[in-house]
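Each remark here refers to the structure printed beneath this line.
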Amino acid sequence: MAKYLSVKLSQFKSLAVPLVKRRTKLSFIRRLAKNTKLLDVGCGNDSPFRIKLQRPDVYYVGLDIDNYNQTADVHSWADEYIVVPPKEFSRKIETFPNTFDAVVCAHNLEHCDDPDAVLNAILKSIKKGGRLYLSFPSEKSLSLPKRAPLNFYDDPTHKSPPNFDKTINTIRVAGLEIDFARKQYRPPVPFMLGLVLEPFSYLTKWNIPLGSTWALWGFETVIWASRPK
């Protein structure tokens, strides 16, 4: 009986995970080709560990302005780990033209002194056939309730949310095609969970896991793009 339940649970997870996380950063990572060379722009919060644990075949290059919230030894996980001052951030990316098979930049642009320069450098670093994952707080987050982090300014290190239309245009001008783009990403399963649990979230000022509160309010902008071969 235990074996049967274990099999059924694994089957449920195989169906549920794509529904819940189909356009997250880790979902993007799962879909990359074998032995991809990956640049992770703004790689705090144990991103080297999380990505390499899931995809040990990937050649991982992490870039940040500080050793931010890394509980695992980054040098044991990252193939290259680069820390530079904020003023050198975009210039460092510019040293990698036509280098990477994939780039992820998750909730980084809103922290940058010059997000336009960072985005343009990222786009130039992507090879033919390469792919981009980009996420940041939506412009709508400026007016969302205070519920760390739900309102844009719940994080005091945020500068300004990137403009969605301008970002899409910049990506296209750089020669990439948009594969998926949502100004306010609201995946259905997290949205419904967030809706059901919103009273609890409201009372506790706590965001429900799996991105449910974000999905309910449309906090996050998510963009996937690729450069044609």
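Grab the other residues whose beta carbon is less than 13 angstrom from that of P228, score K and R as +1, D and E as -1, and report the net.
Values: positive: K127, K128, R131, R172, R227, K229; negative: E177, D179.
Neighbour charge sum, excluding P228 itself: +4.
Please identify the helices of the chain, taking whole runs of DSSP H, that span at least 20 Å along their own axis as judged from the Cα atoms and have a mean Kyte-Doolittle score of -1.0 or higher.
Working: long enough: 2-21 (27 Å, 0.49).
For the chain, where a helix must reach 20 Å along its axis and average at least -1.0, the hits are 2-21.
Taking K and R as +1 and D and E as -1, what net charge do the other residues with C-beta under 13 Å from the C-beta of N45 add up to? Working shown, then result.
Values: positive: K25, R50; negative: D40, D46, D64, D66, D155.
Neighbourhood net charge equals -3.
Could you identify which residue out of Y68, Y59, Y133 has the top mean-square fluctuation in a GNM of the chain using Cα springs shorter than 10 Å?
Y68
What percent do you get for the relative contact order of segment 24-145 when only Cα pairs under 8 Å and 6+ apart count? If you can, show how the numbers build up before the last one.
On the way: 209 pairs, mean separation 30.2, N = 122.
About 25 percent, as a whole number.
List the aspartates and glutamates whose Cα lies under 16 Å from the Cα of K87, skipping any in the same chain that are fewer than 8 positions away.
Qualifying aspartates and glutamates at Cα under 16 Å: D64, D66, E110, D113, D114, D116.
To the nearest 20 debye, what charge dipole does the chain have about its Cα centre, counting +1 at the Cβ of each Lys and Arg and -1 at the Cβ of each Asp and Glu?
Working: 33 positive and 23 negative charges, 226 e Å.
That gives a dipole near 1080 debye.
Taking Kirkwood radius over Cα pairs in Å straight from the coordinates, which label in [x] 19.7; [y] 18.0; [z] 18.5 is the correct one?
[z]
Enumerate the amide H contacts of I82 below 5 Å, restricted to partners 5 or more residues apart or on another chain; note that Pro and chain-start residues carry no placed amide H.
G62, L63, D64
Sorted from fewest to most neighbouring beta carbons within 10 Å, what does the list C105, C112, C43 look like?
Values: C105 25, C112 21, C43 28.
Starting with the residue having the fewest Cβ neighbours, the order is C112, C105, C43.
Among the listed pairs K127/K183; K37/K124; K92/K166; K25/K92; K25/K127; K183/K205, give every one whose C-alpha distance is greater than 21 Å. Display every interim value, and only then the final one.
Numbers: K127/K183 26 Å; K37/K124 15 Å; K92/K166 23 Å; K25/K92 23 Å; K25/K127 19 Å; K183/K205 24 Å.
From K127/K183; K37/K124; K92/K166; K25/K92; K25/K127; K183/K205, over 21 Å: K127/K183; K92/K166; K25/K92; K183/K205.
Every number here is computed from the coordinates shown, using simple stated rules; none is lab data. What you see is a predicted model; the values in this text were computed from it and never measured. Please note: Cβ atoms are built from the backbone with ideal geometry, for glycine as well, and neighbour counts cover all protein chains shown.
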